[in-house]
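I have placed the structure first, in the form of structure tokens, so that the comments after it can refer back to it.
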Amino acid sequence: MASTKTILRALAGETLKTPPVWMMRQAGRYLPEYKATRAQAGDFLSLCYTPDLAAEVTLQPIRRYGFDAAILFADILLLPQALGADLWFITGEGPRLSTISSGDDLAKLKGTDGIHETLGPIYETVSILTNELPKETTLIGFAGAPWTVATYMIAGRGTPDQAPAHALRTEDPETFDALMDMITEGTISYLSHQIEAGAEVVKLFDSWAGSLKGDAFTRYALEPAKKIISTLKAKHPNVPIIAFPREAGDGYVGFAKATGADCVAIDNSVSADWAAQNVQSDGCVQGNLDPSHMITGGDELISETKRIVKAFSGGPHIFNLGHGITPEADPENVHLMLDAIRNP
Ligand code: CP3
């Protein structure tokens, strides 16, 4: 039977009169209720690993705004931790990990065998959500794509240009490829477990895909996505997959066909008109309002929202931001965006 959930209908290729909507980082520091639950947990990682509290923050934006999808509250860096990397977060700065710069560093990791011992609480969060979400809300699970996860594991932190990862892939391709294979295998297993616990859709975040050019984009963004998607599809043929090769530019064209993704998420560095012409022609797209409008609001937020809805109105579309909502955003602006989408 065809689904009644709007996100699943769009992902199956249906053009809806009103696009379904959710927001990247919809559970986050712009919401006072998120900050309160995070304080209760003590710190960000404890929040991720405490199923009741992680489920609570996943539900907060659904209660406040009635989004069409909830995204599991977790982080792409939990997999590296499960693989054996040290991970911690510095408030106001971001993540820190033990670094990988040689085959010796890689050999110190535990590998993929034991990852579910660490990741068990995440699957428990998924099961709780399966029971607690409103019946019209779709639950999205996620993981980082291998390149993006590798950039953090190699540098030990976020980097503006991913230079340490580019250096390792050119100077020690053997170690780099072995790391990519380990992450790819772990990601397949991690996402399978999320699906088995109740995730209805999964999304692969390749936040740093934009720094891969030409053949390197094919080899390290497209090929791993294809491997992950084809393996998941063989096991779970009915679970749609959203791929987000952020800032891929021309690399967005044909990405869904080449990888088997059901939907490509588009960042806000490309225009909606261009993406409608060149990407939506292959199927569902998600995107792509500039998150800075959630800070500035006003008429420009409303007119930009309407412009994006119109640009993608000729095909299947899930409305989203081009990247995550930021802590400075005004929660009231989310209502303005939703009104502009739902009551045009
Ligand atoms: O979207 C959601 O609401 C679901 C939860 C989610 C988080 N991170 C929670 C989070 C998701 C899907 C992610 C993905 C993620 N994590 C990505 C890919 C998407 C993107 O933003 O490009 C990346 C690169 C990470 C790694 C990461 N986690 C960084 C670089 C940071 C620090 C930057 C920051 O915003 O603080 C995090 C921390 C993080 N992950 C927070 C949240 C809500 C903030 C932590 C806090 O409460 O202090």
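No lab work stands behind these numbers, since they all come straight from the coordinates. Computed from a predicted structure; not experimentally measured. When we count neighbours, we look across all protein chains shown, and the Cβ atoms used for this are built from the backbone with ideal geometry, even at glycine.
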Practice problem: Quick one: in the stretch 253-263, of everything that is of a type in the set (Gly, Ala, Ser) and under 18 Å from the mean Cα position of the chain (by Cα), which residue is farthest from the ligand (Cβ to nearest atom)? | Solution: Gly260
Exercise. Answer yes or no: is there a residue in the stretch 82-97 that is free of Cβ contacts under 8 Å to residues at least 60 places away in the same chain and among the hydroxyl-bearing types (Ser, Thr, Tyr).
Key: yes
Practice problem: Scan the stretch 61-75 and give yes if some residue there is within 19 Å of Arg342 (Cα to Cα), of a type in the set (Gly, Ala, Ser) and away from the ligand (no atom under 11 Å from the Cβ), otherwise no. | Solution: yes
Quiz item: Taking into account only those residues within the stretch 86-99 that are in a loop (DSSP other than H, G, I, E, B) and touching a Lys or Arg at 6+ places or on another chain (Cβ under 9 Å), which is nearest to Thr130 (Cα to Cα)?
Solution: Asp86
Exercise. Starting from the stretch 31-45, take each residue that is in contact (Cβ under 8 Å) with a residue 60 or more places away in the chain and list its partners that are more than 8 Å from the ligand (Cβ to nearest atom) and of a type outside the set (A, V, I, L, M), counting only C-beta distances under 7 angstrom and pairs at least six apart or across chains.
Key: Leu31/Gln60; Leu31/Pro331
Practice problem: Could you please tell me which pairs satisfy a Cβ distance under 6 Å, a separation of 6+ or placement on different chains, a first residue in the stretch 51-80 that is within 15 Å of Thr130 (Cα to Cα) and of a type outside the set (Val, Ile, Thr), and a second residue that is more than 8 Å from the ligand (Cβ to nearest atom) and in a strand (DSSP E or B)? | Solution: Asp68/Val21; Ala69/Thr138; Ala69/Ile140; Ala70/Leu139; Leu72/Gly141
Quiz item: If Lys135 passes every condition in (1) under 20 Å from Ile71 (Cβ atoms); (2) buried (at least 18 other Cβ atoms within 10 Å of the Cβ); (3) out of contact with any helix residue (DSSP H, G or I) (no Cβ under 8 Å at 6 or more places or on another chain) but one, which one does it miss?
Solution: (2)
Quiz item: Given the conditions (1) surrounded by fewer than 18 Cβ atoms within 10 Å (Cβ to Cβ); (2) part of a strand (DSSP E or B), which single one is not true for Asp273?
Solution: (2)
Self-check item: Per-region count, the stretch 192-204, residues among the aliphatic types (A, V, I, L, M), closer than 11 Å to Val239 by Cα and part of a helix (DSSP H, G or I)
Solution: 1
Quiz item: Here are Glu117, Glu136: which of them is farther than 27 Å from Ala216 by Cα, more than 16 Å from the ligand (Cβ to nearest atom), charged (D, E, K, R) and assigned to a helix (DSSP H, G or I)?
Solution: Glu117
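Please work out which residue is nearest to Asp267 (Cα to Cα), limiting yourself to the stretch 212-252 and to residues that are small (Gly, Ala, Ser) and within 14 Å of the chain's Cα centre (by Cα).
Ala243
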Practice problem: Specify the residue that is nearest to Ile266 (Cα to Cα); the eligible residues are those in the stretch 187-211 that are small (Gly, Ala, Ser), surrounded by fewer than 24 Cβ atoms within 10 Å (Cβ to Cβ) and away from the ligand (no atom under 12 Å from the Cβ). | Solution: Ser211
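Yes/no matrix, rows are residues, columns are (1) of a type in the set (Gly, Ala, Ser); (2) more than 10 Å from the ligand (Cβ to nearest atom):
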| site | (1), (2) |
| --- | --- |
| Ala12 | yes, yes |
| Tyr34 | no, no |
| Pro51 | no, yes |
| Ala54 | yes, no |
